[in-house]
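The values are calculated or read from the model by the stated rules, or taken from the named source; none is laboratory data. Small disclaimer: the values here were computed from a predicted structure and weren't measured. All Cβ positions, even for glycine, are placed from backbone atoms using ideal geometry, and neighbour counts span all protein chains on display.
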């Protein structure tokens, strides 16, 4: 076969006024842009009912009930009543949504390998019964009361849910745990015939399986009780699990392997897909919850999500919750990889692990502002017709990777308390004032640091008896052995102020974000946040250097009439008109300044500049196109992109970019499979003026090819 080359033809059109039948489609915004999420673990937040601390088991047998508040791997006593008792605390902070780790009935204790000591399921991810609340957390009645009370306070409740696995009940025959690859040990149907499960994904004719002969590691059980211990009952069928051993380093085993021995569900089977839909639709029916956080998304096949998510959202909408919030966890910091799940798995939103790494590096001063600008330039990877980076859930730390306080303390072992506090506030300012939907990890507003990831980042808000937790060095002060709901804590006060400001200004919630200034060494980073409806411009300026910095920053508004909305620290800032019609700013070390122009952005006398468009198959993102446009001069505009096969009448919208570089990266499956394509782009400014451009892509086979 000959080598394919590409014939590229460029067309450009002059600016035009927007018409009622304009081709332009605005960039989408999540209905949750105004949310402020608070992520907590019920067991570690507040103990409202000590009577449930042992989950209904004997209080004298921690080796059975899993309760030992001095052990970081055991239950500590927090519960749903405790969360409800602190709703006033969360309301004062400004929270609009509570995301809780799973509250479903878990296996109390699990042992992972050999002579390792047991660990308790206090975190909720080892589920035995998907239909009941774990007694350690409370009861169904208490969950309902919490959700209703939170709703009355304007706070939605988001449940953390699991579909990838259940508790570790099924045991591999002969103790074999190494992953068994499909190429050497394929699945066999009940008659012993090899087959590829991917040929039957979610199909009614999925082959019948035999528990003893169909799998490379046949299922066994520790005892007879375990054969029927899960609920709903269908989860006890061992043929509904992959049964291939422990997950290896990657590849196929990411989808088919077991995480830490947990029973890995065969999510390619239609019975599992519908079973999980039924389970979680049941929770929507029984409680007025406002959303789901999806655990371990990358370990489940995309086809599952493409059916599960629409079914959940449709059921929620029919229950009167058209704003039901769904976001997924993909444990990876690479925007190229993360964005795949918006394009191919239909995720409405995901946790932005890339932001966590970028913001942490910037706040610690280990990364210059220029690196942060490079990170935000990759926001285009996420753009689809229905989603984009503005709807991602941003965070600074969590229960798996560790806390922002730990990262700062670890990166800066010689920093004093004042510097760590300033950098912690700087990190939170980055989260609350840049694009995305912020999620605050419980305890960060009280300066918790922890000692790393996993159990080392899961301290008690109600006073810890774990020796390491009790004596941890907290940023801004605090005693780990005492309750930590101090509304006067300097981090609580700063975060409360930032949340309040964000909630007051639409530009800080879903406003267009445009990078305006970024130094290539520690220093100033600045973005404009612009509300398209009001044309309000807010300028957010950060300084991650250890000394004062000055800069002249180009803005879309006049360099005059700027009002200070937020400054941390409170003194040492200067701003005003500078040279070349720019805004001159001076910031003290480790600081953030938020300014608002009192006048809306004014319409220019100039028409929008020429729009240039090109498209090609991307060489860096696997299976993706890159469609990009340039627009001059500097202005606030959005560019809508579309494509059609040459000769067709209707264009297919593939996304809208709000800021330069104007790009979208659709999958190859989203682009017509045709030898010639016609791409079109329309740029629209804040005042409705438009520019258009077209671009033709054509596949050409060299003359020497025999194709």
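Brief remarks follow.
- Residues that are under 17 Å from residue 207 (Cα atoms), touching a strand residue (DSSP E or B) at 6+ places or on another chain (Cβ under 8 Å) and in a helix (DSSP H, G or I) within segment 219-278 comprise 238, 240, 272, listed in sequence order.
- Residue under evaluation residue 519, criteria (1) farther than 26 Å from residue 77 by Cβ; (2) buried (at least 23 other Cβ atoms within 10 Å of the Cβ), criterion not met: (2)
- Note on segment 401-421: residues that are crowded, with 24+ Cβ neighbours inside 10 Å and in a helix (DSSP H, G or I) total 4.
- Taken together, the criteria exclude residue 39 from residues that are buried (at least 20 other Cβ atoms within 10 Å of the Cβ) and more than 22 Å from the chain's Cα centre (by Cα).
- Filter result (without any contact (Cβ under 8 Å) to a residue 60 or more places away in the chain, more than 14 Å from the chain's Cα centre (by Cα) and in a helix (DSSP H, G or I)) within segment 313-354: 313, 314, 315, 316, 317, 318
- Residues (out of contact with any strand residue (DSSP E or B) (no Cβ under 8 Å at 6 or more places or on another chain) and touching a residue at least 24 places away in the same chain (Cβ under 8 Å)) located in segment 130-182: 137, 138, 144, 145, 148, 149, 153, 154, 176, 180, 181, 182
- Residues in segment 299-312 that are in contact with a strand residue (DSSP E or B) (Cβ under 9 Å, 6 or more places away or on another chain) and either outside any helix (DSSP H, G or I) or within 20 Å of residue 158 (Cβ to Cβ) (or both): 300, 305, 308, 309, 312.
- Some residue of segment 496-508 being in contact with a helix residue (DSSP H, G or I) (Cβ under 6 Å, 6 or more places away or on another chain) and closer than 13 Å to residue 444 by Cα: yes
- The number of residues in segment 346-383 being in contact with a helix residue (DSSP H, G or I) (Cβ under 7 Å, 6 or more places away or on another chain), surrounded by 23 or more Cβ atoms within 10 Å (Cβ to Cβ) and over 28 Å from residue 457 (Cβ atoms) comes to 1.
- Yes/no for residue 572 being at pLDDT 95 or above, part of a strand (DSSP E or B) and surrounded by fewer than 19 Cβ atoms within 10 Å (Cβ to Cβ): no
- For segment 119-134, the set of residues classified as in contact with a helix residue (DSSP H, G or I) (Cβ under 6 Å, 6 or more places away or on another chain) and within 16 Å of residue 56 (Cα to Cα) consists of 122, 133, listed by residue number.
- Scanning segment 179-202 for residues that are surrounded by 13 or more Cβ atoms within 10 Å (Cβ to Cβ) and under 36 Å from the mean Cα position of the chain (by Cα) yields 179, 180, 181, 182, 185, 186, 187, 195, 197, 200, 201, 202.
- Answer residue from segment 99-118, given it is in contact with a helix residue (DSSP H, G or I) (Cβ under 8 Å, 6 or more places away or on another chain) and at pLDDT below 95 and is farthest from residue 290 (Cα to Cα) among those: 118
- Residues considered: 590, 613. Of these, the only one that is on the phi > 0 side of the Ramachandran plot and more than 26 Å from the chain's Cα centre (by Cα) is 590.
- Of everything listed in (1) surrounded by fewer than 23 Cβ atoms within 10 Å (Cβ to Cβ); (2) closer than 24 Å to residue 366 by Cβ, the single unmet condition for residue 488 is (2).
- Scanning segment 355-400 for residues that are over 23 Å from residue 531 (Cβ atoms), assigned to a helix (DSSP H, G or I) and more than 16 Å from the chain's Cα centre (by Cα) gives 361, 362, 363, 364, 369, 370, 371, 374.
- Each residue in segment 557-587 was checked for being in contact with a helix residue (DSSP H, G or I) (Cβ under 9 Å, 6 or more places away or on another chain) and closer than 19 Å to residue 543 by Cβ, and 4 pass.
- Check on residue 684, in a strand (DSSP E or B), surrounded by 15 or more Cβ atoms within 10 Å (Cβ to Cβ) and touching a helix residue (DSSP H, G or I) at 6+ places or on another chain (Cβ under 6 Å): no
- Taking the numbered list (1) buried (at least 20 other Cβ atoms within 10 Å of the Cβ); (2) within 30 Å of residue 684 (Cα to Cα); (3) out of contact with any helix residue (DSSP H, G or I) (no Cβ under 9 Å at 6 or more places or on another chain) in turn, residue 538 passes all entries but (3).
- Residue within segment 280-292 that is buried (at least 18 other Cβ atoms within 10 Å of the Cβ), under 30 Å from residue 175 (Cβ atoms) and in contact (Cβ under 8 Å) with a residue 12 or more places away in the chain present: no
Yes or no, residue by residue, for (1) in a strand (DSSP E or B); (2) in contact with a strand residue (DSSP E or B) (Cβ under 7 Å, 6 or more places away or on another chain); (3) surrounded by fewer than 18 Cβ atoms within 10 Å (Cβ to Cβ):
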{"residue": "594", "(1), (2), (3)": "yes, yes, no"}
{"residue": "600", "(1), (2), (3)": "no, yes, yes"}
{"residue": "615", "(1), (2), (3)": "yes, yes, no"}
{"residue": "622", "(1), (2), (3)": "no, no, yes"}
{"residue": "625", "(1), (2), (3)": "yes, yes, no"}
{"residue": "628", "(1), (2), (3)": "yes, yes, no"}
{"residue": "650", "(1), (2), (3)": "no, yes, yes"}
{"residue": "656", "(1), (2), (3)": "yes, yes, no"}
